[in-house]
Amino acid sequence: MDTAGNVVELEYQGKIITIVGTAHVSEDSVAEVQAIIREKSPETVCIELCEARYKALTSESAWQNLDVFKVIKEGKSLFLLGSLAVGSYQRRLGDQLGVKPGAELLAAAEAAKEVGAEIVLADRDINVTLKRTWRNVSFGKKLSLLSLVFGSVFSKGEGEEFTKEDIEKLKESSNLSKMMKEFSEAFPEVKKPLIDERDQFLMQKTKTAPGKTIVSVVGAAHVPGMQTYIDQEIDLDAINVIPDPSVAWKLVKWIIPALIFAAFFWGYHKHGQQSLEQMLRAWVLPNAVMAALLTLIGGAKIPTIIVAAIASPITSLNPLLPVGIPVGLTEAYFRKPTVSDCESINEDFQSLRGIYRNKVTRVLLVAVLSIVGSALGAWIGIGWITTLL
């Protein structure tokens, strides 16, 4: 139906399903989506959005209700920062092209209302997707991903100018196949929950949507995968749960503190008080210094830096309490983010200066950096203690 392969028409149990693959910052995609929905006048329009993302796109005050204290207490600082970083890159790209990210999805919703079609938000909840992705990635890959994501924010964008033609080429099936192959090779653990499972989710929601004529508007990268699941019944409950950490990881989180305590006991039993003091110094100093140093780099308030230095040696031995929680709560208490800060998050996250200027993102940054500093300090401490055994 479309030479680029971004629009396909499928039949399923008497239903006619038109899948429209879009680029999320494409002006042409906006026009294409509107034209197809008006032409087809479907009974249902499925959109690659979940409830949370739909509200974020449609509500001008979506950030006003952000409770930064709740985010920190629930240990979601890194998830929120990562989400902001990805969104920041899309907004920067959209600014170059004069298109708001997700404009074609909103256009699909508006066109659906025009023709009287039912709207189905067909994507999996973004929080489930992020958590399933995070749980599926090794520690080394997590570091690689974080460096790529935050590197896209901190870079000024030199050599990254895109034209409308560049964006439209991304929707072509040949280019998509090449990109997905490269992505699969680089991050196979990420592709499964981030792309493959969502292909399944989107297809299942689309083909079970009410009506005989259905238009499904999704990112072009999902079109090939969705087609492969047209005749398969997908158990949505199975891919909609957040898996528990592996037993091995749970054991490691407790074994390391147990070994540290065992080293303290062995040192005291073998060499007395002096050896215990040396081991305590080897543990406390790097933990305190590295956590304090990283929070300082994050621009934390002095009381927060002190809390980081005190809490890190303790929380590193307690898997149930990440240092980012007491540090983040302390910073939030003294920095006192306002509604105005919440409203300007998207704009401020476009630059490193803006991230530091905004009180909400500064608090999140401090909390995350304290965790990184504490982890580095713990590894240094383990190495130091090993030399004393």
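The values are calculated or read from the model by the stated rules, or taken from the named source; none is laboratory data. All values reported here derive from a predicted model rather than from experimental measurement. No Cβ is skipped: glycine too gets one built from the backbone with ideal geometry, and neighbour counts run over all protein chains shown.
Is the stretch 224-238 home to any residue that is surrounded by 18 or more Cβ atoms within 10 Å (Cβ to Cβ) and touching a Pro at 6+ places or on another chain (Cβ under 9 Å)?
No, the stretch 224-238 contains no residue that is surrounded by 18 or more Cβ atoms within 10 Å (Cβ to Cβ) and touching a Pro at 6+ places or on another chain (Cβ under 9 Å).
Restricting to the stretch 290-306, name every residue that is on the phi < 0 side of the Ramachandran plot and in contact (Cβ under 8 Å) with a residue 60 or more places away in the chain. Give the derivation first.
Start the filter on the stretch 290-306 by keeping residues that are on the phi < 0 side of the Ramachandran plot, which leaves 290-298, 300-306.
290, 291, 292, 293, 294, 295, 297, 298, 300, 304, listed by residue number.
Return the residues of the stretch 224-238 that are more than 11 Å from residue 199 (Cα to Cα) and of a type in the set (A, V, I, L, M, F, W, C); say none if nothing qualifies. Show your work before the answer.
Step one: of the stretch 224-238, the residues more than 11 Å from residue 199 (Cα to Cα) are 231-233, 235-238.
Scanning the stretch 224-238 gives 236, 238.
Counting only residues that are at pLDDT below 65 and out of contact with any helix residue (DSSP H, G or I) (no Cβ under 9 Å at 6 or more places or on another chain), give me the helices (runs of 4 or more DSSP H) lying completely in the stretch 42-114 with at least 3 of them. Outline the logic, then answer.
Numbers: elements: 51-58, 68-73, 77-97.
Those helices (runs of 4 or more DSSP H) span 77-97.
Return a yes/no flag: does the stretch 246-255 have any residue that is in contact with a helix residue (DSSP H, G or I) (Cβ under 8 Å, 6 or more places away or on another chain) and in contact (Cβ under 8 Å) with a residue 12 or more places away in the chain. Write out each step before concluding.
Filtering the stretch 246-255 for residues in contact with a helix residue (DSSP H, G or I) (Cβ under 8 Å, 6 or more places away or on another chain) gives none.
The answer is no, given that none of the residues of the stretch 246-255 is in contact with a helix residue (DSSP H, G or I) (Cβ under 8 Å, 6 or more places away or on another chain) and in contact (Cβ under 8 Å) with a residue 12 or more places away in the chain.
Tell me, please, whether a residue that is part of a helix (DSSP H, G or I) and either under 21 Å from residue 319 (Cβ atoms) or within 38 Å of the chain's Cα centre (by Cα) (or both) can be found in the stretch 266-274.
Looking only at the stretch 266-274, we keep the residues that are part of a helix (DSSP H, G or I), and these are 266-271, 273-274.
From the residues that got through so far, the ones that are either under 21 Å from residue 319 (Cβ atoms) or within 38 Å of the chain's Cα centre (by Cα) (or both) too are none.
There is no residue in the stretch 266-274 that is part of a helix (DSSP H, G or I) and either under 21 Å from residue 319 (Cβ atoms) or within 38 Å of the chain's Cα centre (by Cα) (or both).
Which number in (1) at pLDDT below 90; (2) out of contact with any Pro (no Cβ under 9 Å at 6 or more places or on another chain); (3) buried (at least 22 other Cβ atoms within 10 Å of the Cβ) marks the one condition that residue 360 misses?
Of everything listed in (1) at pLDDT below 90; (2) out of contact with any Pro (no Cβ under 9 Å at 6 or more places or on another chain); (3) buried (at least 22 other Cβ atoms within 10 Å of the Cβ), residue 360 misses just condition (2).
Can you tell me how many residues within the stretch 330-353 are modelled with pLDDT of 85 or more and either buried (at least 17 other Cβ atoms within 10 Å of the Cβ) or touching a Cys at 6+ places or on another chain (Cβ under 6 Å) (or both)?
To start, the set of residues in the stretch 330-353 that are modelled with pLDDT of 85 or more comprises 330-337, 353.
Still in the list and also either buried (at least 17 other Cβ atoms within 10 Å of the Cβ) or touching a Cys at 6+ places or on another chain (Cβ under 6 Å) (or both): 330-332, 335, 337.
Of the residues in the stretch 330-353, 5 are modelled with pLDDT of 85 or more and either buried (at least 17 other Cβ atoms within 10 Å of the Cβ) or touching a Cys at 6+ places or on another chain (Cβ under 6 Å) (or both).
Applying the selection to the stretch 9-39, what residues are part of a loop (DSSP other than H, G, I, E, B), of a type in the set (Gly, Ala, Ser) and either without any contact (Cβ under 8 Å) to a residue 40 or more places away in the chain or crowded, with 18+ Cβ neighbours inside 10 Å (or both)?
Residues satisfying the conditions are 23, 26.
Between 353, 362, which is assigned to a helix (DSSP H, G or I), of a type in the set (Lys, Arg) and free of Cβ contacts under 8 Å to residues at least 60 places away in the same chain?
353
With respect to residue 321, is the statement that it is within 27 Å of residue 257 (Cα to Cα) and at pLDDT below 90 true?
On the way: within 27 Å of residue 257 (Cα to Cα): yes; at pLDDT below 90: yes.
Yes.
Please go through (1) free of Cβ contacts under 8 Å to residues at least 12 places away in the same chain; (2) in a helix (DSSP H, G or I) for residue 309 and return the number of the only condition it doesn't satisfy.
Here residue 309 clears every test but (1).
Take residue 205 and tell me if it is in a helix (DSSP H, G or I) and free of Cβ contacts under 8 Å to residues at least 24 places away in the same chain.
Details: in a helix (DSSP H, G or I): yes; free of Cβ contacts under 8 Å to residues at least 24 places away in the same chain: no.
Answer is no for this residue.
From 223, 217, which residue is part of a helix (DSSP H, G or I), among the β-branched types (Val, Ile, Thr) and over 30 Å from residue 320 (Cβ atoms)? Break it down into steps so the answer makes sense when it comes.
Working: 217 fails: part of a helix (DSSP H, G or I).
Step by step, each of 223, 217 is checked, and only 223 is part of a helix (DSSP H, G or I), among the β-branched types (Val, Ile, Thr) and over 30 Å from residue 320 (Cβ atoms).
Do we find a residue being of a type in the set (S, T, N, Q) and either closer than 21 Å to residue 362 by Cβ or assigned to a helix (DSSP H, G or I) (or both) anywhere in the stretch 243-258? So that I can check it myself, show each step before the final result.
As a first pass, look at the stretch 243-258 and keep what is of a type in the set (S, T, N, Q): 246.
Those left that are additionally either closer than 21 Å to residue 362 by Cβ or assigned to a helix (DSSP H, G or I) (or both): none.
Looking for residues that are of a type in the set (S, T, N, Q) and either closer than 21 Å to residue 362 by Cβ or assigned to a helix (DSSP H, G or I) (or both), one finds none in the stretch 243-258, hence no.
Show the residue pairs that are 6+ apart or on different chains and have beta-carbon atoms under 7 Å apart, the first residue being within the stretch 270-286 and on the phi > 0 side of the Ramachandran plot, the second being buried (at least 18 other Cβ atoms within 10 Å of the Cβ).
none
Out of all the residues in the stretch 370-386, which are within 14 Å of residue 317 (Cα to Cα) and among the hydroxyl-bearing types (Ser, Thr, Tyr)?
374
Do the conditions hold for residue 242, that is, is it under 32 Å from the mean Cα position of the chain (by Cα), surrounded by 16 or more Cβ atoms within 10 Å (Cβ to Cβ) and at negative phi?
On the way: under 32 Å from the mean Cα position of the chain (by Cα): yes; surrounded by 16 or more Cβ atoms within 10 Å (Cβ to Cβ): no; at negative phi: yes.
Criteria not met by residue 242.
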